[in-house]
Amino acid sequence: MAKLKIYTFPDTVLAQKAAPVARVEKTMYKLADDMLETMYVAPGIGLAANQVGILERIIVLDTDYEYEELDEGEEAPAGAEVVAGGIITNRKPRIVINPEIIYREGSILFNEGCLSVPEFNAEVKRSEKIKLRYQDIDGVTRELSADGLLAVAIQHELDHLEGRLFIDRLSPLKKETVKKRLRLERQQREEDEDLESLLHSSASAARPKKKSKEM
Ligand SMILES: [Zn+2]
């Protein structure tokens with residue numbers, strides 16, 4: 001497995017529509033595996049191919065796992081499942097290809113975050129229950145009924161495949177304000193990174209330990 005780069009707003013790949021997968025090929029195992037690793041390490045509960053720069057209708061999901069980074073030199077207990085230097089428990093990965101929502105019921109407001117929209121959360125209205133039709137990694141057509149967090153995550157990831165971010169679902173005024181702020185913050189981050197590399201400071205600032213899992 002390999003960790004992939006996660007694209008962030010306003011990278012244009014996030015605003016593009018992903019194309020249907022014509023045929024599920026064996027080579028997709030590697031992409032799906034890499035997407036899962038990227039998601040677990042982030043940490044996230046869902047990831048769409050657009051977010052790693054690939055315009056194909058593939059998403060990965062796991063809403064239930066726990067991920068704990070190991071300290072340097074620390075060894076994982078025997079039998080523990082290790083992903084990219086961390087211990088993962090209660091892993092239930094889902095690989096979803098060519099997804100399509102075939103039924104919706106009710107609505108909920110959910111406070112969402114997104115790996116492609118760092119450090120921003122907002123309430124978004126979603127269907128409470130959904131039924132999904134998709135193909136699995138073996139190309140078999142399946143259906144999945146989901147509610148709660150899994151239903152929200154699926155709808156969030158399907159938006160990515162349409163080239164839409166959760167911030168696009170905010171009111172027009174709020175959306176513009178938020179996008180302006182996010183563009184400025186990103187510019188600031190990039191300037192800070194440039195300065196840091198200029199100063200040859202290899203001791204990168206401690207990454208804030210993100211607690212909440214995003215999508
Ligand atoms: Zn997202």
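The values are calculated or read from the model by the stated rules, or taken from the named source; none is laboratory data. The model shown is predicted, which means the values in this text are computed figures rather than measured ones. Ideal geometry is used to build each Cβ from the backbone, glycine not excepted, and the neighbour counts take in all protein chains shown.
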query = Which one of these does Pro172 not meet: (1) surrounded by 12 or more Cβ atoms within 10 Å (Cβ to Cβ); (2) at pLDDT 95 or above?
reply = (1)
request  = Look at the range 120-131 and say how many of its residues are of a type outside the set (S, T, N, Q), surrounded by fewer than 21 Cβ atoms within 10 Å (Cβ to Cβ) and touching a strand residue (DSSP E or B) at 6+ places or on another chain (Cβ under 6 Å).
outcome  = 6
task = Scan the range 127-143 residue by residue and report those that are part of a strand (DSSP E or B), out of contact with any Phe, Trp or Tyr (no Cβ under 6 Å at 6 or more places or on another chain) and in contact (Cβ under 8 Å) with a residue 24 or more places away in the chain.
result = Ser127, Lys129, Ile130, Leu132, Arg133, Tyr134, Gln135, Glu143
query = Is there any pair with a first residue in the range 146-173 that is within 21 Å of Pro118 (Cβ to Cβ) and within 12 Å of the ligand (Cβ to nearest atom) and a second that is β-branched (Val, Ile, Thr) and assigned to a helix (DSSP H, G or I) whose Cβ atoms are under 7 Å apart and which are 6 or more apart or on different chains, and what are they?
reply = Ile167/Val178
query = Can you find a residue in the range 40-56 that is aliphatic (A, V, I, L, M), within 17 Å of the chain's Cα centre (by Cα), modelled with pLDDT under 95 and part of a helix (DSSP H, G or I)?
reply = yes
message = So Val21 ticks every box in (1) among the β-branched types (Val, Ile, Thr); (2) farther than 16 Å from Glu162 by Cβ; (3) in a loop (DSSP other than H, G, I, E, B) but one. Which box is left unticked?
response = (2)
inquiry  = Being more than 15 Å from the ligand (Cβ to nearest atom), among the small types (Gly, Ala, Ser) and within 21 Å of Ile87 (Cβ to Cβ) is the requirement here; does Ala2 meet it?
reply    = yes
task = Give the number of residues within the range 99-155 that are among the small types (Gly, Ala, Ser) and within 22 Å of Lys17 (Cα to Cα).
result = 6
task = Could you tell me whether any residue of the range 92-112 is in contact with an Asp or Glu (Cβ under 9 Å, 6 or more places away or on another chain) and not in a strand (DSSP E or B)?
result = yes
request  = Please give the number of the condition Leu195 fails out of (1) modelled with pLDDT under 95; (2) part of a loop (DSSP other than H, G, I, E, B).
outcome  = (2)
